[in-house]
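Here the structure comes first, spelled out in structure tokens, and everything after it is commentary.
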Amino acid sequence: MKRIVLCTVIVGTLFAYFGLVAVSNAQDLYAPTHPTGGSATMGVDVMPATDPPAVNGSPAIAPYGVPMPSPVDRVPTNLAPADRAPATYSPTPAAEMPGRLDQDTGAGAMRMPVEPSPAAIGAPSNYGASSAESATTAPVGIGRPGAQALEGAQVPQLVIHKLLPNEIQVGKSAVFKLLVRNVGKATANEVRVVDLVPQGTRLMKTIPHAVSTGGGRLEWQVGRLGPAEESVVEMHLMPIQEGEIGSMATVSFTAVASARTICTKPQLVVRTTAPPRILIGEEVRLSIDVSNPGSGTATGIMLEERIPAGLRHPAGSALKYEVGDILPGQSKRLDLRLAATRPGEVTNVLLAKGDGGLAAEDRLDMTIVAPGLDLDLAGPQRRYLEREATYRLSVHNPGTASAEDVKLVAYLPSGLQFVRAGAAGSYSESDRAVYWHLEELPVGETGSVELVTMPTEPGKQRIRLHGTADRGVSIEREKPISIEGIAATMFEAVDIVDPIEIGGKTTYEIRVTNQGSKASKNVRLVVQLPRALRAIDAEGPTRHVISGDRVIFDGLDMLAPKADITYRVHVQGLEAGDLRTKVQLLTDDMSIPVTKEESTRVFSDQ
């Protein structure tokens with residue numbers, strides 16, 4: 001018998017098929033190895049006109065003499081090339097935070113991702129749909145890495161030998177064998193052998209059992225062949241006609257490759273620390289810690305700061321600073337220096353952002369405290385000339401911090417003369433000012449000093465107050481004062497000769513004096529004589545009228561302060577006795593006239 005040996009070498013990679021064609025006459029032909037898998041076919045007979053369909057992705061068995069399609073031709077056209085480059089990210093520069101933002105460690109430039117196009121990454125047709133749509137249509141991954149032995153290049157190689165007797169006879173059974181051996185270094189999976197019952201024979205049985213797929217097509221599921229492993233399948237045939245008997249067998253398999261990587265998750269934490277209470281005018285140092293407690297590197301970290309009202313930075317109210325990348329477990333510290341400009345509660349908000357949607361926010365509450373001053377001058381708002389006026393100057397601290405180096409000044413108007421000042425106050429004649437100094441005035445405390453003045457000019461006057469303390473605290477107040485004069489008019493009435501005899505004469509001399517600081521207006525004088533006296537004549541600064549027992553002087557328009565005038569009334573005694581003469585004075589400053597009596601003794605020699 002003639003033995004025909006057919007040998008085919010198959011080299012495959014991930015999920016690909018290899019194809020080889022073997023010829024008869026005991027000659028082994030090895031097809032070239034392709035980077036993708038394939039199927040091996042062999043035989044000696046011309047194949048039927050109708051080819052069996054492809055099974056599980058294997059190509060159909062081609063008729064004898066028809067070239068098999070190359071593995072590249074069998075690659076589906078809708079798949080992207082395996083070596084397509086990944087989507088790229090273009091860096092976007094960011095300006096460095098201006099001002100005194102000092103860092104202890106270096107920071108690189110932040111990289112802002114550019115969204116890759118759908119074509120670049122093989123996105124599904126609904127790329128660009130809403131997030132809700134994408135969440136419902138995007139596939140969820142279920143793959144897991146395989147054994148480590150499957151990592152790297154996987155190159156299984158199959159050698160196929162079809163063993164036939166040298167000669168067979170009609171009516172006498174024959175056995176056709178097919179040997180499949182894996183001579184490669186990787187496992188071939190899902191090995192499948194397909195053969196056709198040769199024309200001119202009748203199938204008796206198969207070992208192992210083959211599945212008939214119709215049209216004389218037989219299929220063996222060999223399964224898994226490891227390196228150096230082999231499998232033999234047999235067809236037991238009954239020849240029924242003379243001639244050249246044979247068929248082409250097809251062997252297909254798959255190669256499995258695995259790969260793994262580590263998926264990390266960076267995290268971002270930002271924390272700001274500063275003193276809870278800041279004195280106005282001072283510089284506050286914000287210590288900023290940016291850390292990554294995650295398992296992957298946080299890239300493109302950027303800090304964004306918006307200065308709250310009450311704090312100030314020379315570069316403005318909106319600041320940005322590039323931190324760069326932060327390794328897992330690493331932290332970076334930066335300092336931001338701000339000036340406290342306005343008292344009150346402030347909340348500083350610091351935002352940290354990074355690639356991949358990383359974001360963290362920190363809020364820090366602070367209180368800016370400041371001293372305050374309030375002045376008050378207690379004392380008479382209306383004062384008469386030449387009567388001392390005592391005032392109490394009070395200074396209060398309504399602020400939230402102690403006032404230090406407190407200075408008080410009271411500026412006196414020209415109508416007030418300085419007399420004395422308490423609490424070691426000092427007077428400066430050149431600027432008509434009284435000065436006090438307090439080392440410290442605690443929050444909520446009040447201090448007071450005394451100021452004594454003498455009104456010297458009538459009219460509207462103002463005491464101007466000025467107070468200062470450290471941290472730029474300043475306050476001014478004014479105290480209006482009305483200074484008025486007072487008319488104090490008094491008179492004395494005396495008789496020049498006393499006693500007088502009947503028929504004798506005497507003179508009443510009346511002196512009117514304005515002892516006040518204000519002129520007396522419309523000074524009027526009336527002398528009322530008893531019946532035993534008779535008015536002979538009168539003298540005075542104004543015209544007079546003698547009416548019966550009364551002498552009436554016209555009113556004097558004004559009697560200046562400290563001035564005096566004299567009235568004289570000449571009388572004659574008519575009857576003896578102890579007589580009483582009444583003098584009455586009235587001015588516009590008086591609501592009731594002032595009356596005085598002067599006694600005169602009139603005697604008789606008989």
* Checking residue 171 against (1) surrounded by fewer than 21 Cβ atoms within 10 Å (Cβ to Cβ); (2) under 60 Å from the mean Cα position of the chain (by Cα); (3) assigned to a loop (DSSP other than H, G, I, E, B); (4) not aliphatic (A, V, I, L, M), which single condition isn't satisfied? -> (2)
* In this structure, is residue 569 buried (at least 19 other Cβ atoms within 10 Å of the Cβ), touching a residue at least 40 places away in the same chain (Cβ under 8 Å), farther than 23 Å from residue 490 by Cα and in contact with a strand residue (DSSP E or B) (Cβ under 6 Å, 6 or more places away or on another chain)? -> no
* Asked: When residue 416 is evaluated against the numbered criteria (1) in contact with a Pro (Cβ under 9 Å, 6 or more places away or on another chain); (2) closer than 30 Å to residue 281 by Cα; (3) crowded, with 18+ Cβ neighbours inside 10 Å, which criterion, by number, is the only one it fails?
  -> (2)
* **Residue satisfying condition, being within 28 Å of residue 484 (Cβ to Cβ) and buried (at least 18 other Cβ atoms within 10 Å of the Cβ), within set 512, 551, 594** => 512
* Sole residue being of a type in the set (Val, Ile, Thr), over 30 Å from residue 400 (Cα atoms) and in contact (Cβ under 8 Å) with a residue 12 or more places away in the chain, chosen from 288, 301, 278 -> 301
* Asked: For residue 245, which of the numbered conditions (1) of a type in the set (Val, Ile, Thr); (2) modelled with pLDDT of 95 or more; (3) in contact with a Pro (Cβ under 6 Å, 6 or more places away or on another chain) fails to hold?
  -> (2)
* Asked: Taking the range 129-168 as the search range and keeping residues that are within 39 Å of the chain's Cα centre (by Cα) and surrounded by 11 or more Cβ atoms within 10 Å (Cβ to Cβ), which one is modelled with the lowest pLDDT?
  -> 129
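The values are calculated or read from the model by the stated rules, or taken from the named source; none is laboratory data. Just so you know, these numbers come straight off a predicted model, no measurement behind them. Glycine also receives a Cβ, built like all others from the backbone with ideal geometry; neighbour counts cover every protein chain displayed.
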